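The values are calculated or read from the model by the stated rules, or taken from the named source; none is laboratory data. Everything numeric here is computed off the predicted structure, so don't read it as measured data. Glycine also receives a Cβ, built like all others from the backbone with ideal geometry; neighbour counts cover every protein chain displayed. Surface accessibility is based on the protein's heavy atoms, side chains included, excluding ligands, DNA and RNA. Shrake-Rupley method; radii C 1.70, N 1.55, O 1.52, S 1.80 Å.
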Amino acid sequence: MPANPNVGIVIVSHSAKVAEGAADMVRQMVGDNVPLASVGGNAEGGLGTDVAAIMAAIDRAWSEAGVAILVDLGGAETNSEMAVEMMPEERRERIVICNAPIVEGAVMAATEASGGSALAVVRATAEELMSA
Amino acid sequence: MDDALKRRLIEAMTATVVAYADELTALDQAIGDGDHGLNMKRGFEAVLADADTIVAKPLPEALKAIGTTLVMKVGGASGPLYGTLFMSLGKALPAEPTIADLARALGAAIEAVKARGKSELGQKTMLDVLAPVQAALAAGETDLGMRLPRVANDAAAATAPLKAIRGRASFLGERSIGHVDPGAHSSALLVGAICGVLGA
């Protein structure tokens with residue numbers, strides 16, 4: 001099977017349940033048309049975010065078209081930025097963190113990505129939610 | 001800097017964070033998500049567990065290793081922030097630093113933490129402790145081992161009347177006023193632990 005050409009989506013929440021639930025909603029919209037990974041909780045399974053786990057999620061959702069990350073509260077954003085910086089250089093510029101609400105942003109971004117849109121368009125669609 | 005001194009610094013920082021973990025958590029329960037003490041304890045215990053490997057490295061690489069461990073283990077927003085602080089110090093310091101080197105490196109590290117946290121001075125964060133400590137180092141005053149912990153503690157206490165602009169505490173707005181910032185307090189504790197060992 002050829003690699004999925006669409007932009008991938010990564011959902012990063014402090015809670016594994018929130019991340020999984022948001023991913024379920026994305027799958028209901030786009031099925032398997034978009035590479036998708038969700039990650040939540042700290043290394044001990046409590047609430048929090050984990051840089052190594054975020055890096056692994058980016059790998060799972062990797063697409064040559066890039067990856068859009070949706071985050072919830074502060075630490076998820078800071079840890080996602082850290083994870084992006086620790087990725088190989090040639091991948092870094094193809095990963096964006098969207099300034100958008102995590103659930104709505106993930107669904108909107110994935111829907112846009114499923115039509116084959118470029119990373120910048122996927123991001124813009126998710127971020128429009130902030131100005132709506 | 002010899003291996004034994006590096007080990008004592010790691011032990012002192014870890015012991016302090018462990019001893020004050022409950023207090024940091026209580027501060028964070030007041031204005032944050034209540035995990036700062038536990039997160040910092042987990043991070044520094046991981047650093048201590050790796051101390052044999054870390055102290056064998058030259059100081060710059062040892063600091064970078066501490067930073068990487070904190071990034072990977074702390075979990076909260078303080079992981080990337082303290083991780084960035086230590087990694088930046090590692091990038092800026094020579095193996096045998098002078099006070100002037102420390103002042104310059106801490107200045108560079110503060111800029112890196114500002115960028116990581118998208119934060120400025122006066123926003124009720126760890127920066128409000130690190131900046132006056134850096135200023136005292138840069139002024140090159142005498143008796144720094146005694147003075148710096150006082151500067152740091154006073155600066156941490158001075159975050160109480162500030163309103164949080166960044167981080168989870170910013171959700172509370174005016175209600176964040178009256179509480180010491182947990183990150184400012186943990187920064188002051190680490191300054192105290194480091195000065196206790198270096199005693200300069």
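List of remarks:
- When the residues of the range B:84-96 are filtered to those that are in contact (Cβ under 8 Å) with a residue 40 or more places away in the chain and open to solvent by 30 Å² or more (accessible area, probe 1.4 Å), the one that is farthest from the other protein chains (Cβ to nearest Cβ) is B:Glu96.
- B:Ala105 being assigned to a helix (DSSP H, G or I), modelled with pLDDT of 95 or more, over 28 Å from A:Ala43 (Cβ atoms) and open to solvent by less than 20 Å² (accessible area, probe 1.4 Å): yes
- Residue in the range B:179-191 that is open to solvent by 60 Å² or more (accessible area, probe 1.4 Å), of a type in the set (Val, Ile, Thr) and in a helix (DSSP H, G or I) present: no
- Odd one out for B:Ala15, checked against (1) surrounded by 22 or more Cβ atoms within 10 Å (Cβ to Cβ); (2) more than 14 Å from every other protein chain (Cβ to nearest Cβ): (1)
- Checking each residue in the range A:74-123 for being more than 12 Å from the chain's Cα centre (by Cα), away from every other protein chain (no Cβ under 14 Å) and crowded, with 22+ Cβ neighbours inside 10 Å picks out only A:Glu112.
- Note on the range B:152-178: residues that are in contact (Cβ under 8 Å) with a residue 24 or more places away in the chain and either assigned to a helix (DSSP H, G or I) or farther than 17 Å from B:Glu120 by Cα (or both) total 9.
- Subset of the range A:14-65 [among the acidic types (Asp, Glu), within 14 Å of chain B (Cβ to nearest Cβ) and surrounded by fewer than 23 Cβ atoms within 10 Å (Cβ to Cβ)]: A:Glu44
- Selected residue (criterion: nearest to B:Lys163 (Cα to Cα)) from residues of the range B:26-36 that are in a helix (DSSP H, G or I) and in contact (Cβ under 8 Å) with a residue 60 or more places away in the chain: B:Ile31
- Of the residues screened, A:Met1 is not one that is crowded, with 16+ Cβ neighbours inside 10 Å and either farther than 20 Å from B:Ser78 by Cα or modelled with pLDDT of 95 or more (or both).
- Only one entry in B:Arg175, B:Arg150 is loosely packed, with under 15 Cβ neighbours inside 10 Å, modelled with pLDDT of 95 or more and farther than 18 Å from B:Leu24 by Cβ, namely B:Arg150.
Rundown of residues vs (1) free of Cβ contacts under 8 Å to residues at least 60 places away in the same chain; (2) not hydrophobic (A, V, I, L, M, F, W, C), yes/no style:
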residue: A:Asn42; (1), (2): yes, yes
residue: A:Gly45; (1), (2): yes, yes
residue: A:Ala56; (1), (2): yes, no
residue: A:Ala65; (1), (2): no, no
residue: A:Leu73; (1), (2): yes, no
residue: A:Ala76; (1), (2): no, no
residue: A:Asn79; (1), (2): no, yes
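- B:Thr53 vs. criteria among the β-branched types (Val, Ile, Thr) and farther than 27 Å from B:Leu137 by Cα: yes
- Scope the range B:18-40; condition open to solvent by 60 Å² or more (accessible area, probe 1.4 Å), closer than 16 Å to A:Leu47 by Cα and within 16 Å of the chain's Cα centre (by Cα); matching residues: B:Leu38
- Annotation note: of B:Leu63, B:Leu59, B:Leu81, the sole residue that is within 13 Å of another protein chain (Cβ to nearest Cβ) and either open to solvent by 20 Å² or more (accessible area, probe 1.4 Å) or over 12 Å from the mean Cα position of the chain (by Cα) (or both) is B:Leu81.
- The set of residues in the range A:3-41 being charged (D, E, K, R) and assigned to a helix (DSSP H, G or I) consists of A:Lys17, A:Glu20, A:Asp24, A:Arg27.
- Of residues in the range B:110-121 being at pLDDT below 95 and open to solvent by less than 40 Å² (accessible area, probe 1.4 Å), the one farthest from B:Thr84 (Cα to Cα): B:Ser119
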